[in-house]
Amino acid sequence: MAALSETRLADEGQLKEEKDGYTFFWKGKPANEPRIHGVGFAIKNCLINHLHELPVGINERLMTICLMLASSQMATVISAYAPTLDAQMK
């Protein structure tokens, strides 16, 4: 599993890549707004069954995912995007 930032994709969604064995989840700004942010997760398809729930996109800068572990324990992973530039992109 990998947490991703600057995905620059619109809205929220998922894409399953059978050939490579990953599912990509993302959360970004609406399609009618500039897409300079975005967060997501790339998750190996064999781990999808271990998800407590699908990833939750809070906004275009935060997304969480909850994995089921052994002994009825869970782990929450956060994907966070913090821009590094102060100026607007042109």
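Could you compute the longest span of the chain free of GluC sites (Glu not before Pro) located in DSSP loops and having at most 15 other Cβ atoms within 10 Å, not counting the site residues?
Details: sites that count: GLU6, GLU18.
With GluC sites (Glu not before Pro) excluded where exposed in loops, the chain gives 19-90 as its longest stretch.
Please report the projected area of the chain's Cα convex hull averaged over all directions, in nm².
Details: hull surface 26.5 nm².
Result: 6.6 nm².
Can you put ASP20, ASP11 in order, fewest other beta carbons within 10 Å first?
Working: ASP20 11, ASP11 14.
Placing the least packed residue first, the sequence is ASP20, ASP11.
For the chain, what is the charge dipole size about the Cα centre, in debye to the nearest 20, if Lys and Arg each add +1 at the Cβ and Asp and Glu each add -1 at the Cβ?
On the way: 9 positive and 10 negative charges, 21 e Å.
Dipole of the chain, to the nearest 20 debye: 100 debye.
Given a 10 angstrom Cα cut-off, can you work out which residue in GLY40, GLY13, GLY28 is the most mobile in a GNM of the chain?
GLY13
Taken together, the values in this text are just the output of simple stated rules run on the coordinates, not laboratory data. Everything numeric here is computed off the predicted structure, so don't read it as measured data. Using ideal geometry, Cβ is built from the backbone for each residue, glycine included, and neighbour counts are taken over all protein chains shown.
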